[in-house]
Amino acid sequence: MVIMISLISIGTVSLYADPGYDPSVFSPNNVIYDIAISMHMETYNVTNNALLSTHDFIMAGKITLISKRMELGYVAWGAIVEINVTEKDNGTIVSNEYFNVSAPPILAVKENTRYMYLTELIVELLREGFENVDMEELVSRIATNKPYSGFYIYNPFYIDTSVNIGDRIPYGFYNETRDEGVIVYGTVTSEKKLVISGAPYDCWIVNITEAEILEALEPLLGEEDIPEGIEFNLGLFYDKRSGWLVGLDMFGGGTISVDEQENAVVDLNGEMELVNAGTVRIADKTYIDRILGLPAYTSLALDILIIIAIVIIRIRRR
Amino acid sequence: MTKKSFILGLFTSVIVGIPIAFIYDLIGTFVGVIVGAFVAASKKGGGAVGLLTSPLIYLSPYAIPLLVSYLQGSLDLLSIVLLIGYSLIDVFIIIIAVASLVAGIIFGWIGLRVTEGE
């Protein structure tokens, strides 16, 4: 009885807790993104500015997010990654590889926060190395896997719904044990109506530029090691109603000195688009509403009607 | 309890619980179990409804989208077997099932009292 009451009360508290997170963002399932990243690099002779070589790196594919409750207050996240990576040297394809990885939900997201913790299993795997893994032991321990407190990553897939223009959103990671980390602050720069994969979304736009990244890296690199002449901008688009990431746009580039003889001009582009919102309640539509083509709140309203009907029928039968 | 009310309780539990579970899994599970047990209208029936339907409702936000992806051809069979298989090895499901059994017994008994008009 005590367990039941605590399960229900924690659930209810989670639904209405501050800050304003939509409860469905903590447990995304079948959320699919199309991702494409490309990098073009040209190497030049410093003396006569002659083009020496070109190198292209193209990555395209899709990421599907899955999740499942790990324990009270924590939801385990995993992903199915299908990516095609192509590399070209001077216009000739030198490698073309396809990766299809299904990672079960083993990262722990703390509800009502943006903290994403590693789990005891992952930490042990990282310490011992993946090559020494005993699969039988690993599977037997999945059932009792727990969040590894002390180190968290800021989850980039959602933000608080109560943000406003000018607010700063943290990204990166933090080691609570050592009291240090790398935190890059993005800024909510504007709001916009965007059409992503054919669906319209009212979005908050969060921008991260090279200045914010360099500011975060300065304590680690030192002022003299910070590269100059590099331009970078990452725009993250979050649905205003749910705070969920519906897309991102990235571009950057600059000239880097390879050695005394050569300079490299790098051009980076990338984008990610939400193709399927899955179980995240975007625009107030649940997964069932969306898959059945129903208006927002329909499945919930029907549920409430069924409950009321059952109570009335039971009482009238007395 | 009649056989009919028990079967009706099983179906009601799943139909009521799953849509709410897509918003919040724990609330969906317990609302479904409570309503199903109320319909089953007996301690035994309510307990059985709780024990049998709670894992289904609780896992539905995880398993249904995976099954839909498989049916749409965007997920291969090996991935779905691995991912759903993983979800079944979980201590938390046992905790939910036991808590639902208790909730089912209590609300089954309440359903019986309401039906009998005592």
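No value in this document is a laboratory result; all are computed from the given coordinates. Here the structure is a predicted model, which is why all the values come from computation and not from measurement. Note: ideal-geometry Cβ built from the backbone for every residue, glycine included; neighbour counts use all protein chains shown.
Computed from the C-beta positions of A:VAL265 and B:ILE15 and an R0 of 56 Å, the FRET efficiency is 0.40 to the nearest 0.05.
State which helices in chain B qualify, where a helix is a whole DSSP H run, it must extend 20 Å or more along its own axis by its Cα atoms, and its mean Kyte-Doolittle hydropathy must be at least 0.5. Intermediate results must be reported in sequence, preceding the final value.
Working: long enough: B:3-21 (27 Å, 1.52); B:25-40 (22 Å, 2.09); B:43-72 (41 Å, 0.76); B:91-116 (38 Å, 2.13).
What comes out of the filter, once short or polar helices are dropped, is B:3-21, B:25-40, B:43-72, B:91-116.
Note on A:ARG241 and A:ILE306: their simple-model spin labels are 2.2 nm apart, each label 7 Å out from Cα toward Cβ.
Computing FRET efficiency as 1/(1 + (r/R0)^6) for A:ILE313 and B:LEU77, where r is the C-beta to C-beta distance and R0 is 41 Å, gives about 0.45. Along the axis of the charge dipole computed for the protein assembly as shown (Cβ charges of +1 for Lys and Arg, -1 for Asp and Glu, origin at the Cα centre), the listed residues B:LEU78, A:ASN276, A:LEU292 are led at the positive end by A:LEU292.
Treating the beta-carbon of each Lys and Arg as +1 and of each Asp and Glu as -1, no other charges, what is the dipole magnitude of the protein assembly as shown about its Cα centre, to the nearest 20 debye?
Working: 27 positive and 50 negative charges, 876 e Å.
Magnitude of the dipole: close to 4200 debye.
Starting from the Cα of A:ALA103, move 7 Å in the Cα-to-Cβ direction to define the label point; list residues of region A:50-69 whose amide nitrogen is under 20 Å from there. Counting only backbone N, you get A:59-69. About its Cα centre, region A:152-293 has a charge dipole of approximately 1360 debye under the convention of +1 per Lys or Arg Cβ and -1 per Asp or Glu Cβ, with nothing else charged.
Which whole DSSP H helices in chain A pass both tests: a Cα extent of 18 Å or more along the axis and a mean Kyte-Doolittle value no lower than -0.5?
On the way: long enough: A:2-16 (21 Å, 2.07); A:298-316 (27 Å, 2.17).
Flagged H segments are A:2-16, A:298-316.
Fully extending the segment from A:VAL258 to A:SER38, taken as 0.36 nm per residue of separation minus the present Cα-Cα distance, adds 77.2 nm.
Within the shell defined by Cβ-Cβ distances under 15 Å, the residues around A:ILE63 carry a net charge of -3, with Lys and Arg each +1 and Asp and Glu each -1. Rounded to the nearest 0.05, the FRET efficiency derived from the C-beta distance between A:LEU51 and A:ARG178 at R0 = 41 Å is 0.35.
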